[in-house]
1. Condition first: among the charged types (D, E, K, R), closer than 20 Å to Ile66 by Cα and at pLDDT below 85. Now tell me which residues in segment 97-155 satisfy that.
2. Hey, among the residues in segment 37-73 that are in a helix (DSSP H, G or I) and charged (D, E, K, R), which one's most open to solvent (accessible area, probe 1.4 Å)?
3. Can you confirm whether Ser53 is over 15 Å from the mean Cα position of the chain (by Cα) and either at positive phi or of a type in the set (Ser, Thr, Tyr) (or both)?
4. Condition first: touching a residue at least 12 places away in the same chain (Cβ under 8 Å), in a helix (DSSP H, G or I) and aromatic (Phe, Trp, Tyr). Can you find one or more residues in segment 110-118 that meet it?
5. Tell me which residues, restricted to segment 151-173, are surrounded by fewer than 18 Cβ atoms within 10 Å (Cβ to Cβ) and outside any strand (DSSP E or B).
6. So Ile175 clears everything in (1) within 12 Å of the chain's Cα centre (by Cα); (2) at pLDDT 95 or above except one condition, right? Which one?
7. If I go through segment 125-141 residue by residue, how many of them are under 12 Å from the mean Cα position of the chain (by Cα), of a type outside the set (Gly, Ala, Ser) and in a helix (DSSP H, G or I)?
8. Looking at segment 136-150, which of its residues are touching a residue at least 60 places away in the same chain (Cβ under 8 Å) and either open to solvent by less than 10 Å² (accessible area, probe 1.4 Å) or closer than 17 Å to Ile88 by Cβ (or both)?
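The values are calculated or read from the model by the stated rules, or taken from the named source; none is laboratory data. Keep in mind the model is a prediction, meaning the values are calculated, not measured. Cβ atoms come from the backbone with ideal geometry, glycine included; neighbour counts cover every protein chain shown. Areas reflect the complete protein model, heavy atoms only, side chains present, ligands, DNA and RNA absent. Shrake-Rupley method; radii C 1.70, N 1.55, O 1.52, S 1.80 Å.
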Amino acid sequence: MSAAPALQDSSWDELVEVFEHLDPPEGWRAEIIDGRIVMSPPPAPKHNLIADSVQRSIYPALPRDIVLFQTAGVSAPPFPGQYVPDLIAFPRDATEGESGVIPGEAALLAMEITSKGYADTGRTRKLHAYARAAIPLYLLIDRFADRWPTVTLYSDPAEDVYRAARAVPFGKPLILPGPFDVTIETADFPR
């Protein structure tokens, strides 16, 4: 027996109301992607080790008025959605709202690390959503890329695409431009 989506034709307000009352199991992530509530299980240790490595690389160069959060909600207007990147950088004053969701236009960097069952979400849906929200930098760490694990930095968003991308395989460094101005060393990223 298969179940139909419970909120198939729900309005945005109805979807948000259900979303706000969710009580996911510890470590699970809930997002609103393409008008659906999507639940993701806790990430594997390799996933968390990569997030930790990137965060440690960025912190020393980060101005005090910019913060890094792991798994904070971010909106991606003009289309309804609430995404939860693995890491997001934004000005400290963007946390002053009551909703707990960072406005996409305030974000400076969103980072996603693919997991085996959800790799396509980071490669397509979130790529387009973050570009629509005009997040200047999108760092996609794709452990499950077709040829080999790859780190891609997307930049220069316009409408729902990024007009520039630089990709390196795991093992090669990748430079994050300002306001970060750091090199992400990928040699120790677990595969």
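1. The answer is Glu98, and nothing else.
2. Initial filter on segment 37-73 (in a helix (DSSP H, G or I)): 45-61.
Still in the running and charged (D, E, K, R): 46, 52, 56.
On the way: Lys46: 90, Asp52: 63, Arg56: 164 Å².
Across segment 37-73, the extreme among qualifying residues is Arg56.
3. Here the answer is yes, as Ser53 does meet what is asked.
4. Of all residues in segment 110-118, those touching a residue at least 12 places away in the same chain (Cβ under 8 Å) come to 110-116, 118.
Still in the running and in a helix (DSSP H, G or I): 116, 118.
Keeping just the survivors that are aromatic (Phe, Trp, Tyr) gives 118.
Looking for residues that are touching a residue at least 12 places away in the same chain (Cβ under 8 Å), in a helix (DSSP H, G or I) and aromatic (Phe, Trp, Tyr), one finds at least one in segment 110-118, hence yes.
5. Glu159, Asp160, Gly171, Lys172, Pro173
6. (1)
7. 5
8. Leu139, Ile141, listed by residue number.
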